[in-house]
């Protein structure tokens, strides 16, 4: 079995269009949430969103453009060589294709025929295909549509192929852009907060939506060492589970989520006391945060009290299919720099969220290993296990 490491990381977010700009802003306690301007919605009060300062290209969707920009940063000038059949691409998508489908409907209603009428632009696999073309990947490619756990599951699937020796290198991550359908759905569920979201807070009232892209370059350790690549972190394993509880709500005691975390630990050969950080799903909805904290306690037992927990959704909003990749990026950079990004606006924690959720300010501490959580409608739970790279 091959060991798998992260040798590239690119981020396009509502805070900045690059990795280090995004990370610096996170550590400074900034967020990328602002009044929604790109979409016209009949919702009151006006919605807040994590909008990225980019527009679609002439021949690209916004998702494609963000994903390709993140990939260029992740590659850092490296052009994958070797057997193209041993290079794979795995992407998570939530509403990918829906913004173009909405534009298509507008064009048809107006009696116009534009770019949105082309079926290829509406396919959820458009981003995956664009990234595969960029790196010349002729190996396995996959687009995971598993709602909000999609991109973390895509990273896990890439890891499986690399560990099995089927691939030498993989691009994995996710991209998501805002659309009306998403707002309509979450508004019907009464899950959107008109104010800035407050994960783990007693008065949390829902999420803010966001967009962006994160791309990871994953390689076998042997391949990374052979080319002298800089290594960000090691991917030790992942776990996935189902609640089979409710179409949208998580299991109230976090039963399935705890199993996903426990599975990740078993797969990676670590125990609860090895974990210092949980990059949480942390949506700021009343149902999610308490259940997730209970799940962390189930999975880590008494060691949960020594763990730092953080939610990136307080900075970017909920990026849906890309959310797991954003959580992974935050954990990778935390392990690199030995600092936990803050959970913003956490003034009065919910008693049910009785963990160290890193309120308001970044926290310097020793970080050896991290769990990254992403949970989705239907009780789809994914947890990724990462370890700090120290040349071991």
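Using the count of nearby Cβ atoms within 10 Å as a rough guide to exposure, how do 161, 196 rank from fewest to most?
Neighbour counts put them in this order, fewest first: 196, 161.
Nearest 5 percent is fine: what portion of the DSSP beta bridges confined to the chain is antiparallel?
Around 65 percent of the beta bridges assigned by DSSP in the chain are antiparallel ones.
FRET efficiency for residue 360 and residue 78, Cβ-Cβ distance as r, R0 = 25 Å, nearest 0.05?
So, using R0 = 25 Å, E works out to roughly 0.10.
Give me D for region 237-388 in µm² s⁻¹, whole number, from Stokes-Einstein with Rh from the Kirkwood sum over alpha-carbon pairs, 37 °C and 0.692 mPa s.
Reported coefficient: 222 µm²/s.
Consider all pairwise Cα distances in region 308-369 and report the whole-number % of them above 15 Å.
Taking all Cα-Cα pairs of region 308-369, the fraction more than 15 Å apart is 51 percent.
Taking the number of other C-beta atoms within 10 Å as the exposure measure, put 232, 238 in order starting with the fewest.
Fewest-to-most ranking of 232, 238: 232, 238.
Using square roots of five times the C-alpha gyration tensor eigenvalues, list the equivalent-ellipsoid semi-axes of region 181-308 in whole Å, biggest first.
Values for region 181-308, descending: 30, 21, 14 Å.
Strictly greater than 31 Å: what percent of every Cα pair in region 4-226 meets that?
25 percent
Give me the distance between the Cα centres of region 122-163 and region 245-299, rounded to whole Å.
For region 122-163 versus region 245-299, the Cα centre distance is 24 Å.
Where the centre of each part is set by its Cα atoms, how far does region 55-78 sit from region 334-365, in angstrom?
Each part reduced to its Cα centre gives a spacing of 31 Å.
With r as the distance between the Cβ atoms of residue 377 and residue 273 and R0 = 41 Å, compute the FRET efficiency 1/(1 + (r/R0)^6) and round to 0.05.
Given R0 = 41 Å and the Cβ-Cβ separation, E is 0.80.
Per residue of the chain, what 222 nm ellipticity follows from adding -39500 (n - 2.57) for every DSSP H run with n ≥ 4, rounded to the nearest 500?
-9500 deg cm²/dmol
Using Cα pairs closer than 8 Å and at least 6 residues apart in sequence, work out the relative contact order for region 4-226, in percent.
After rounding, I find 31 percent.
If I stretch the segment between residue 245 and residue 59 completely, what's the gain in nm (0.36 nm per residue apart, minus their alpha carbon distance), one decimal?
62.7 nm
Take the alpha-carbon positions of the chain, form their convex hull, and give its projected area averaged over all directions (one quarter of the hull surface) in nm².
17.4 nm²
Please report the antiparallel percentage of DSSP beta bridges with both residues in region 4-226, rounded to the nearest 5.
DSSP beta bridges in region 4-226 are roughly 60 percent antiparallel.
Taking other Cβ within 10 Å of each residue's Cβ, how do 316, 326 sort, fewest first?
316, 326
Once you keep just the Cα pairs under 8 angstrom separated by 6 or more residues, what percentage relative contact order results for region 237-388?
35 percent
Within region 321-338, find all residues whose amide N lies under 14 Å from a label point positioned 7 Å from the Cα of residue 390 along Cα-to-beta-carbon.
Flagged as within label range: 335-338.
Bear in mind these aren't lab numbers, they're just calculated from the coordinates by the rules spelled out. As the structure is a prediction and not an experimental result, all values here were calculated from the model. Cβ: placed from backbone, ideal geometry, glycine included. Neighbour counts: every protein chain shown.
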